Every structure is written in C-alpha cells, then in structure tokens.
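What follows is a set of notes on a single structure, which appears directly below.
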Amino acid sequence: MSETPVLIVGAGPTGLVLALWLTRCGVAVRLIDKTVEAGTTSRALAVQARTLEFYRQLGIDQEVVAGGVKISNLNLWVRGRIAARVSLEDIGQGLSPFSFVLVFPQDAHERLLIKHLVELGVRVERQTELLDFRSDEKGVEARLKLPNGSQEIVATPFLFGCDGASSSVREISGIGFPRGTYSGRFYVADVEARGPATDDQLHADLEGADFALVFPLKEKRTHSTRWSNRGGEGPSADV
Amino acid sequence: MKDQAVEHLKIAVTKVNWFSTYRVHHRVADSFRRGRIFLLGDAAHQPTPGIMWSIKPPPHRHEFAPTVFRYGIFCIGFAAANDPLTSRESVRLEIVPICSRSLNRRQSLAKFALVRRSSARRELDTTVLNIELTLASIIQGVALYFLIDNARNVVALRDLRSTAYVAAGLCVIFIFWSRSIIHTLTLIAWPLEFGHNFFYIACTLGESVLFTCIGRPKAWFGLSTAYAAVVWLLFLYDLRLLRTRAREACTDAELRLYGAATADQWLNIRLLIPALFAFNLACLIAIYLRPVLFLNRGAHYYLCAAQAAGFVVYLWYVTRFFATLAPLIAATREE
C-alpha cells in the first residue's frame with residue numbers, strides 16, 4: 001500500500017489546475033487519468049478573465065494569452081447578414097487586467113498545464129483507473145487499476161474527483177447528480193474553412209431556437225463551430 | 001451542416017478535423033464534498049454546454065481547493081465584465097444563462113442572450129408599474145364614490161336590509177382593487193398594455209353603474225350577471241399577457257410565479273367567474289319567476305346577502321393567493 005497527501009482522479013483542466021496549484025503550495029499530489037493521452041480537440045475553448053487572474057498568481061497567464069486568440073468582436077448574424085457587432089476588446093476595462101474574451105482550446109490548454117506540471121516534477125499517471133475506495137474520518141483508501149493490469153491500494157487523506165460529468169468518484173460516493181439533460185442536441189466541429197465568418201472574430205447566428213457559433217482557433221487558421229438544432233422539450237430524465 | 005443557422009454564416013468548410021455532438025445538461029451534485037472526498041469541475045456541476053471554463057474562488061474560506069466550473073457561451077460578456085469583483089452580482093450574472101429551461105421553452109436564443117434586462121428597460125418597467133398601480137387605485141376610488149353616493153340613501157332611510165347591497169358593492173371594490181394590484185405586481189411591465197387598461201376602465205364603469213342599482217334587485221342581478229361576463233372576458237384577455245411573460249421568463253422564481261398566476265387565471269376562467277355568472281343569472285331568473293316572494297316579501301335581500309357572502313369567500317381566496325405569490329414576486333425582483 002502506498003500513500004499520497006492528495007489523490008486527484010481525472011487529468012482534465014480541473015484536475016490539472018488543482019494539481020498545479022497544490023504542487024505550487026508544496027502539497028505533493030498523485031494525478032491519475034484512465035485515458036491513454038490528453039484530449040486532442042478544442043472542446044471548452046473560451047477562457048474567462050477570472051481564470052487568467054488566477055493564472056497570473058501561478059505565473060502562466062502570459063503564456064495562455066499568447067497561445068490563444070483575443071476576440072475583438074462578437075458578430076451577430078441574422079438571415080445571412082451581420083445584424084449587430086458587439087465589441088469585446090475592452091469589455092471589462094478597468095475591472096481586470098484581462099479585459100477581453102480569450103479563445104484557447106482545451107487541448108492546447110491541457111498541454112500547457114501538463115508542461116508546467118512536468119516542470120514541477122508531477123507526471124499524469126495515464127491508463128490508471130479508480131476502481132473503488134473506502135473512506136472514514138481518518139482517510140481514504142483507494143483501489144487503482146494500473147496500466148499493466150495490476151491493482152494498487154493508495155491511502156490518502158484527500159480524494160478529489162475531477163473526473164467529469166460521469167464521475168466515478170461521485171458515483172462511488174453515492175452523491176446524487178440531479179436535474180437533467182435537455183433533448184436539444186448540440187454539434188461541435190473543428191474545421192478548416194473559408195468565408196466572411198472565418199476571421200479572428202466570434203460569429204453567432206441566431207435563428208429562432210437554433211444558433212451557430214464560429215470561434216477562431218490559432219492553429220492552421222482553423223475554426224471551431226458549434227451549433228444546435230431545435231430547442232428541446234425539456235429534461236429527458238431526472239437523474 | 002445543413003442547418004439554416006450554419007448556412008446563413010456562409011462558411012465554406014474545406015476540412016473537418018473533429019466532429020461531435022452533445023446535449024445540454026443542467027446538473028448539480030447534491031454535495032461537493034462528502035467527508036474527505038471532494039467533487040470538482042464537471043463531476044460536481046454541469047450547467048451548460050462546455051465551451052468555456054473558469055476557476056471560481058472557493059465559496060467558503062475553509063474549502064481550500066480552487067473550484068473549477070464550466071460556464072456556457074452566453075457568459076462571455078457578463079463574466080468577463082464582472083468576474084474580478086466576485087461579488088454576488090457577478091455570480092448572478094453568470095448563472096442567468098444557465099437557466100436552460102428557456103431553451104426548453106423553444107425560446108429564441110437571441111432573447112436568451114439578452115436575458116439580462118438593461119437598466120433603461122427596468123426603469124420603463126417601473127414607470128409602467130407605477131402608472132398601473134395609480135390607475136387601479138384611482139378608478140376604484142371613483143367606483144367607491146358612486147357606492148357612497150348610493151349608500152347615503154340607505155343610511156338616510158334607515159333601510160337596514162339594503163346594507164346587504166352596500167356590503168356586496170364594497171366587496172366588489174375590494175376584490176377588483178386587490179386583483180388588479182396583484183395582476184399589476186405580477187405581470188405588468190413595459191410596454192404599456194392599452195387594451196388591458198381600456199378594458200379595465202370600462203369594467204369600472206360597469207361597476208359604478210351597478211352601484212346605482214342598490215335596492216333594485218332586477219337591475220342589480222342583471223348587471224351583476226353582465227358584469228361577471230365582462231370580467232370573464234378580461235381574464236381571458238389577460239391570458240395573452242400572461243403567456244408573453246411566461247415565455248420571457250428565465251429565472252426559476254419567474255417560472256414559478258407565472259406558473260402560479262396561470263393556474264389562478266385558469267381557475268377563475270373555468271370555475272370561479274362562471275360560478276359567479278351562474279349564481280347571478282339564477283338569482284335573476286328566480287326574481288322573474290317568483291316576483292311575489294323575492295320582490296314583495298323582500299327575499300331579494302337574502303339573495304344579495306348570499307352574493308356578499310360569496311364575495312367574502314372569494315376575497316379570502318384572493319388574499320391566500322397573494323400570500324403564495326408574495327415571496328415569488330420578491331424573488332423575481334431580486335434577480
């Protein structure tokens with residue numbers, strides 16, 4: 001049985017930032033993730049000013065800003081024409097040093113966080129899965145499945161579930177996750193494209209209950225588009 | 001990519017590197033902590049399509065870990081503008097777009113994005129609200145003048161039995177005034193509804209004419225019947241306004257408020273006002289069929305007392321209804 005001061009399950013942005021922060025505070029962590037490698041797609045791509053302010057405390061803010069695209073305008077399209085343009089360049093001027101909207105795709109974001117963790121000597125333990133755990137007032141004993149198929153028992157005072165919507169930490173703890181999923185479907189794609197909406201601005205088309213958004217990405221002049229079909233009928237299920 | 005919304009952006013896609021679909025979630029874990037186990041990020045809280053994410057400061061000082069939450073597409077401006085303050089205001093603004101029940105109501109996302117009402121709009125709402133509240137009180141004051149004018153004879157002639165009519169008339173004023181105040185507090189906002197107001201003023205005219213019929217049973221119950229019919233139409237007309245408000249509703253409090261108001265509206269339309277109409281019509285028919293009993297022997301006073309008793313019960317219902325609405329109204333104003 002091994003011991004660690006903190007066990008973090010899930011190496012998405014949440015787990016990575018938590019690991020980075022705790023490591024900076026001098027708390028040793030183990031960070032496990034069941035996937036083979038980090039994500040390779042844009043997914044969550046807008047970064048808020050508040051996040052950057054926290055990153056400034058970690059000293060990684062400039063790198064994130066340099067890696068992303070500052071959105072100067074939000075263009076609202078209606079019936080094939082730009083109906084309104086909202087300037088986002090200084091949207092929070094006087095309120096934050098990061099008074100803009102930044103697009104920094106999640107894959108690049110995760111890579112950057114991993115790089116900083118590696119610099120601090122923390123490695124994401126890939127293909128490592130949390131099987132179950134027992135906990136009492138004194139601590140937690142977690143059973144992990146390692147890449148070679150063997151199992152390991154880890155004793156830790158604190159277990160953090162950063163393992164996303166279908167969190168196994170949450171399920172094993174028996175913590176409910178109420179409310180529901182709406183029937184409206186969203187689509188997301190990373191594309192290379194041409195056209196007036198493929199500049200370095202944010203474009204949104206609003207058609208009744210439908211909408212489409214185009215975000216500029218830095219790499220290879222690609223864009224991320226997100227759009228939805230008709231708004232749904234309400235939660236398809238509760239819990 | 002055949003959707004209209006995408007076509008209208010005139011994008012010519014040359015290469016797709018990644019494509020995926022997802023559904024909108026609105027989920028929050030029952031607890032973010034159980035003993036030594038903590039939930040963070042999507043594991044704890046999944047409000048909207050994950051497009052942006054931000055680190056939130058811990059809500060309580062004793063929770064030492066930074067909490068990572070995701071936020072949706074429509075937080076962009078609000079979040080960036082307000083986040084550094086981490087005030088209650090900023091939290092509220094970020095939560096606004098999360099109420100995906102608006103989506104569920106097939107609401108236009110354009111409206112969805114503009115959910116945060118501007119201060120100019122709020123000022124207009126307040127102005128309209130004040131106009132309506134003043135109007136409601138003034139015109140019921142005018143109706144009261146008519147009632148007093150006619151009640152004077154009752155007092156002068158020491159006609160004790162006619163006080164049943166005066167009591168019923170007073171109840172009508174109470175009911176009309178309280179209902180219109182509730183209606184105004186619940187529904188009235190910019191733009192001003194002329195149709196509703198004109199209808200409303202006409203109703204007061206009918207009410208005033210009714211008060212001139214104290215002690216004249218045929219006219220009293222005839223007018224009461226007609227009056228119930230007009231009030232029924234007014235309720236029906238106001239359904240339109242109620243629907244508009246319910247469509248614009250975004251916060252939970254608003255949805256519950258309009259839900260309660262709609263339920264009450266339908267109760268009035270389906271049961272209460274038809275019952276009032278039927279009672280008055282029945283009285284009128286009875287008076288015509290048995291003039292000796294009801295007119296000569298004065299049994300019409302009992303009919304009128306019954307009417308007044310019915311009004312008192314209705315008034316009790318109205319105050320109960322307002323008691324359930326009051327916290328919801330307060331909650332919607334706090335948004």
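The values are calculated or read from the model by the stated rules, or taken from the named source; none is laboratory data. Remember, it's a predicted structure, so these values are computed and weren't measured experimentally. Every residue, glycine as well, gets a Cβ built from its backbone with ideal geometry; the counts of neighbours run over all protein chains shown.
Out of region A:95-120, which residues are farther than 30 Å from A:Ser72 by Cα and without any contact (Cβ under 8 Å) to a residue 12 or more places away in the chain? Quick ask: steps written out before the conclusion?
The first filter runs over region A:95-120 and keeps only residues farther than 30 Å from A:Ser72 by Cα, leaving A:117-120.
A:Val118, A:Glu119 - these are the residues of region A:95-120 that are farther than 30 Å from A:Ser72 by Cα and without any contact (Cβ under 8 Å) to a residue 12 or more places away in the chain.
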Checklist line | When residues of region B:12-44 are limited to those that are touching a Gly at 6+ places or on another chain (Cβ under 6 Å) and buried (at least 22 other Cβ atoms within 10 Å of the Cβ), the one nearest to A:Leu213 (Cα to Cα) | finding: B:Val24
Note to self: Kindly evaluate A:Gly92 against the criterion of being among the small types (Gly, Ala, Ser) and free of Cβ contacts under 8 Å to residues at least 60 places away in the same chain.
What the structure shows: yes
Note to self: I need the full set of residues from region B:190-222 which are of a type in the set (Val, Ile, Thr) and in a helix (DSSP H, G or I), in order please.
What the structure shows: B:Ile201, B:Thr204, B:Val209
Next item on the list: May I ask you to list the residues in region A:184-204 that are farther than 20 Å from A:Val78 by Cβ and more than 7 Å from chain B (Cβ to nearest Cβ)?
Entry: A:Asp200
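Among the listed residues A:Gly164, A:Gly176, A:Gly180, which satisfies the condition of being in a loop (DSSP other than H, G, I, E, B) and over 19 Å from the mean Cα position of the chain (by Cα)?
Answer to the selection: A:Gly176.
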Note to self: If I filter region A:115-131 for residues that are closer than 30 Å to B:Lys15 by Cβ and assigned to a loop (DSSP other than H, G, I, E, B), do I get at least one hit?
What the structure shows: yes
Check: Out of all the residues in region A:143-156, which are within 26 Å of the chain's Cα centre (by Cα) and assigned to a loop (DSSP other than H, G, I, E, B)?
Finding: A:Leu146, A:Pro147
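Tell me whether region B:223-238 contains one or more residues that are over 19 Å from B:Cys171 (Cβ atoms), outside any helix (DSSP H, G or I) and not acidic (Asp, Glu). Please lay out each step first, then the result.
Kept after step one, since they are over 19 Å from B:Cys171 (Cβ atoms), are these residues of region B:223-238: B:233, B:236-238.
Subset that is outside any helix (DSSP H, G or I): none.
Checked region B:223-238: no residue is over 19 Å from B:Cys171 (Cβ atoms), outside any helix (DSSP H, G or I) and not acidic (Asp, Glu).
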Next item on the list: Scan region A:184-201 residue by residue and report those that are at pLDDT below 80 and either touching a helix residue (DSSP H, G or I) at 6+ places or on another chain (Cβ under 8 Å) or more than 23 Å from A:Thr40 (Cα to Cα) (or both).
Entry: A:Gly184
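Can B:Val166 be described as modelled with pLDDT of 85 or more and either surrounded by 16 or more Cβ atoms within 10 Å (Cβ to Cβ) or not assigned by TED's automatic domain parsing to the domain that holds B:Gln307 (or both)?
Numbers: modelled with pLDDT of 85 or more: yes; either surrounded by 16 or more Cβ atoms within 10 Å (Cβ to Cβ) or not assigned by TED's automatic domain parsing to the domain that holds B:Gln307 (or both): yes.
It is true that B:Val166 is modelled with pLDDT of 85 or more and either surrounded by 16 or more Cβ atoms within 10 Å (Cβ to Cβ) or not assigned by TED's automatic domain parsing to the domain that holds B:Gln307 (or both).
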Next item on the list: Mind counting the residues in region B:141-192 that are farther than 30 Å from B:Ala331 by Cβ and among the polar types (S, T, N, Q)?
Entry: 4
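Just to check your reading of the model, which residue among A:Leu58, A:Leu74, A:Leu45 is touching a residue at least 24 places away in the same chain (Cβ under 8 Å) and surrounded by 23 or more Cβ atoms within 10 Å (Cβ to Cβ)? So that I can check it myself, show each step before the final result.
Numbers: A:Leu58 fails: surrounded by 23 or more Cβ atoms within 10 Å (Cβ to Cβ); A:Leu74 fails: surrounded by 23 or more Cβ atoms within 10 Å (Cβ to Cβ).
On inspection, the qualifying residue turns out to be A:Leu45.
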Checklist line | region A:103-147, residues that are of a type outside the set (D, E, K, R), under 14 Å from A:Ile32 (Cβ atoms) and more than 14 Å from every other protein chain (Cβ to nearest Cβ) | finding: A:Ile114, A:Leu117, A:Val122, A:Val124, A:Gln127, A:Thr128, A:Leu131, A:Leu144, A:Leu146, A:Pro147
Margin query: Suppose we filter B:Ala305, B:Ala260 for residues that are touching a Ser or Thr at 6+ places or on another chain (Cβ under 8 Å) and surrounded by fewer than 17 Cβ atoms within 10 Å (Cβ to Cβ); which single one remains?
Written below: B:Ala260
Next item on the list: Could you run through region A:47-80 and say how many residues are within 12 Å of chain B (Cβ to nearest Cβ) and hydroxyl-bearing (Ser, Thr, Tyr)?
Entry: 2
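Tally up the residues in region B:6-33 that are over 25 Å from A:Asn75 (Cβ atoms) and either within 32 Å of the chain's Cα centre (by Cα) or within 7 Å of chain A (Cβ to nearest Cβ) (or both), please. I'd like the intermediate steps shown before the answer.
First, pick out the residues of region B:6-33 that are over 25 Å from A:Asn75 (Cβ atoms): B:23, B:25-33.
Still in the running and either within 32 Å of the chain's Cα centre (by Cα) or within 7 Å of chain A (Cβ to nearest Cβ) (or both): B:23, B:25-31.
Residues meeting the conditions: 8.
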Item checked: Looking only at region B:199-222, and only at residues there that are at pLDDT 90 or above, aliphatic (A, V, I, L, M) and under 18 Å from B:Cys283 (Cα atoms), the one that is surrounded by the most Cβ atoms within 10 Å (Cβ to Cβ) -> B:Leu210
Note to self: Quick check on my filter: what residues within region A:15-31 are more than 8 Å from every other protein chain (Cβ to nearest Cβ), more than 23 Å from A:Arg143 (Cα to Cα), touching a residue at least 40 places away in the same chain (Cβ under 8 Å) and of a type in the set (A, V, I, L, M, F, W, C)?
What the structure shows: A:Leu20
